[in-house]
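Coordinate-derived values only; no laboratory data. If you're wondering where the values come from, they're calculated on a predicted model, not measured in any experiment. With ideal geometry, Cβ positions are generated from the backbone for all residues, glycine too; neighbour counts draw on all protein chains shown.
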Amino acid sequence: MAKVSINIATGSIQKEEIIVGIDLGTTNSLVAFINPEGNPQVINDAGKGLLVPSVVHFNPDGSVVVGNEAKQFLISDPQNTIFSVKRLLGRSYHDIENYKDFFSYKVIDDNSESLVKIKVGDKFFTPIELSSLILKELKERAEHALKTPVNRAVITVPAYFNDSQRQATRDAGKLAGLDVLRIVNEPTAASLAYGIGLNPEEEKTIAVYDLGGGTFDVSILKIQNGIFEVLATNGNTFLGGDDFDRAIVNYWVEQNNLTDHASDASLQQALRLKAEEAKKALSTQNLYNDQVADIPCAITRQMFESLIAPKVEETILACKNALTDAGLSPADIDEVVMVGGSTRTPLVKHKVSEFFGKAVHDKINPDEVVALGAAIQADILAGNRKDILLLDVTPLSLGIETMGGLMDVIIPRNSKVPTKAGRQYTTSVDGQVNMKISVFQGERDLVKENRKLAEFDLKGIPAMPAGLPKVDINFLLNADGILTIQAIELRSGVKQEVEVKPTYGLTDQEVEKMLFDSITHAKDDVAHRMIIEARTEGEQMVYTAERFLEKNGAYLSVQEIADSQKFIQDLKEVLNSGDKDLIHKKIDELNEFTRPFAERVMDQAIAQAMKGKTI
Ligand code: ADP
Ligand code: MG
C-alpha cells in the first residue's frame, strides 16, 4: 500500500502541489484550497464570486458559458440552458421518468437502463460531460486565482449517492482534466470543516442537516477511529430554497391580483429573482419592501415563516425518520451540523435546534462548508497533516472487464482497506449460460492498458433471456491486501470465488508509472470510452430491434418492416465510425421510429389475451 503524487507538468514526484476540494452542487458549485496559513479557503477568482451556479448555457455558435453568465438564460433560452445536471448523474431514464417534466431541456427517452443523455441542438451530451464543464470552469478559476496548474481534486457527493452516481462524478472529474483522488460524502466533508472527526480518538454520533436550493437531506454519521460511517440518510430530492422563493412569488401574485403573469416569462423570472432576494434579506431583517416593474413586492418575516412552515416541518419529519432508521433518539446525537444556503433562514435553524434539543453548528458559511471540508480532506491526502492518522489505502483501482473491453472499477484507488464493494451484472445474449469474469488493476479505461489479476468462468447459469440473470460480483480487499472476488447468480445460486494478491510482483516504480500513464491519458480514455459505450448501446439496440421484427412481424405492415430495417441498417453503418454523436443520433432515430410499434404489439397482445373472456 502506498501513496504517490505526481506533477503532471514535469512528471516528477512531488509533495507540494495544491490539491483542491470541490463541492459539485445541484444549485451551486465551489472550489476551495488550504491557504499558506494552513486554513481552508474558498477560491474567488477575480471577484467573480465564491459560488458558481451549476448552470451551463450553449450559445448558438456552439460556445459554452458556465455559472452566473449561464444562469440568465434559464428563462429566455431554456432548451439550451442546463441546470440541476447533478440530478441526472449516473441515472438511467427509468430512474428519472417520474420527474422528467422538471427539466426544461431535452432529456432523451430511450426507454432503456442505459445512462440518460441530453440533447442540445443536434448534439448529444451525457450528464458526465455536462458536469465536467462545470468542473473545468472551477479548475480554471482555481488555476487563475492560485497562478498554478491544478490537476488533483477531492470531489464531494451526497451520502445517498450510489455506486453509479459516484463513478459518474469521478468520470466527470477525469474529463475535466482532474485526477480525482477521492470522492467524499458531503456530510463527512462538512464535519471535517468543523474539526469533527479529525481526532482519531474521538467517538461521536452526529447529524448533518443539508438544505440546499432544490434538495434536502439529513445524514446520521458515526465517527470512530477516524472513520465516518453513514448510519442513515433521509430527505427529499425536491425540497429546498427554490420552494421558499416560489412561496413568496405566489404570495405577491395573490396580493397584487396578477392573474396573467404566468404567460409573461420575463416578469416571472424577475419576480423569482426578487423573491430570492427578499428571502435572503429576511434571514437578517424583519421586513422586505421593494417592487418589480410597478408591482409592490413586500413581505414580513412573520408572513414568510408562516408560508414555509409546512416545508420546514417536512424536513423535521425526515430527521425523525433518519433517527428511527439508525435506531437512535435525538438525545443520542452529539453534534448537529448545518449545511446548505437555505439553513441561513432563521426558522430552519430554530426548528432543527429545537428538534435535536441542542445548539447547532452554524458558524461556518453553510454554502461553503462542504467545499472547505473537501479541501481539508485533500490536505490530509496530500500528507500535509502529520497529526492525522492515514489509514492504509489501495494504490490502484480494482475492477472487472465489461462489454467492449472497458474497465468497470469496483474498488477505486485510494480506498481505505479493509474494504468491500460489489455490483450487479447481467447477460447480454439470450440463453447465455457462462459468464467470463476478468479481474484487472489500474486506472486506464480500457482493460488492455491495465494489469490482469485473474480470470474465471461462472458456469451453469440457467438459460434465460438476455438481461434476466442477476450476477452479483463482490470484491473484498482485506487488511493484508488479499483480494477475494466472488460471483453469484442470484436466481439460481451458482457461485464461484477466487483469491489474488494485487500487489504481488508490483514495485513502487511500476505503481507510479501506472498512475502517471493514467493521468496523462485520462481525457482521451474517457472520450474513447464514451465511443465504446455508444457502440455497445447501438449494438444492443440493433440486437433488440432485429429480434423484435423477427417475433412481431405479423403486427407490422410490409412498409413498416422495410423502414425499420432501413433504420437498423443506418445504425449498423455508423457503429464503427468512432463518432459517438452520430451513433446516438441513429439510435435515437431508430428508437423514435419503432417505439409506437412496441406499444401496438403490447395492446394487441392484451386484446388477444382478452378475446372470448368476459370480465
Ligand atoms: P446546493 O447544495 O443545492 O447546490 P446551496 O447550498 O448553494 O445549494 O444553497 C442554495 C440555496 O440557498 C438557494 O435556494 C439560495 O437562495 C439559498 N440561500 C442563499 N443564501 C441565503 C440566505 N441568506 N438566506 C436564505 N437562503 C439563502
Ligand atoms: Mg450542497
LYS279: which lysines have alpha carbons under 27 Å from its alpha carbon, excluding same-chain residues fewer than 8 sequence positions away? LYS48, LYS71, LYS86, LYS311, LYS320, LYS349, LYS351, LYS358, LYS363
Assigning unit charges at the beta carbon (Lys, Arg +1; Asp, Glu -1) and nothing else, what dipole magnitude in debye, to the nearest 20, does the chain show about its Cα centre? 580
Under 23 Å between alpha carbons, and skipping anything fewer than 8 positions from LYS566 in its own chain: which lysines qualify? LYS123, LYS551, LYS580, LYS585, LYS586
Quick check on the chain: helices-only [θ] at 222 nm, where DSSP H runs of length 4 and up contribute -39,500 (n - 2.57) each and the sum goes over total residues. Nearest 500, please. -12500 deg cm²/dmol
For GLN432 and THR324, what does the FRET efficiency come to when R0 = 45 Å and r is the distance between their Cβ atoms, rounded to the nearest 0.05? 0.55
In range of the label at LYS363: residues from region 189-222 whose backbone nitrogen is under 13 Å from the point 7 Å along Cα→Cβ: 193-196
Say each of ASP61 and LYS572 gets a label point 7 Å from the Cα, pointing the same way as Cα to Cβ; how far apart are those two points in nm? 4.3
From the square roots a ≥ b ≥ c of the eigenvalues of the alpha-carbon gyration tensor of the chain, which class results: rounded (a/c under 1.5), prolate (a/b over b/c), or oblate? oblate
Based on DSSP H assignment, which helices of the chain show an axial Cα extent of at least 27 Å together with a mean Kyte-Doolittle hydropathy greater than or equal to -1.0? 127-146, 301-326, 508-552, 580-610
Separation between the GLU37 and VAL498 pseudo-spin-labels, each 7 Å from Cα along Cα→Cβ, expressed in nm? 5.5
Please report the antiparallel percentage of DSSP beta bridges with both residues in region 19-191, rounded to the nearest 5. 65
Evaluated at q = 0.09 Å⁻¹: base-10 log I(q)/I(0), Debye formula over Cα of region 167-290: -0.45
What percent antiparallel are the DSSP beta bridges of the chain, to the nearest 5? 85
Across 5 Å bins from 0, what is the distribution of all Cα-Cα pair distances for region 19-191, in whole percents? 1, 9, 18, 21, 20, 15, 9, 4, 2, 0, 0
Give the cross-link partners of LYS280 among the aspartates and glutamates, using a straight C-alpha distance below 14 Å as the criterion and excluding same-chain residues fewer than 8 apart. ASP242, ASP243, ASP245, ASP290, GLU305, ASP367
Modelling each spin label as a point 7 Å along the Cα-to-Cβ direction, I'd like the LYS470/GLN604 distance in nm, to one decimal. 3.4
Determine, at each q value in 0.18, 0.25 (inverse angstroms), the log₁₀ of I(q)/I(0) that the Debye formula gives when each Cα of region 296-339 is one equal point scatterer. -0.68, -0.93
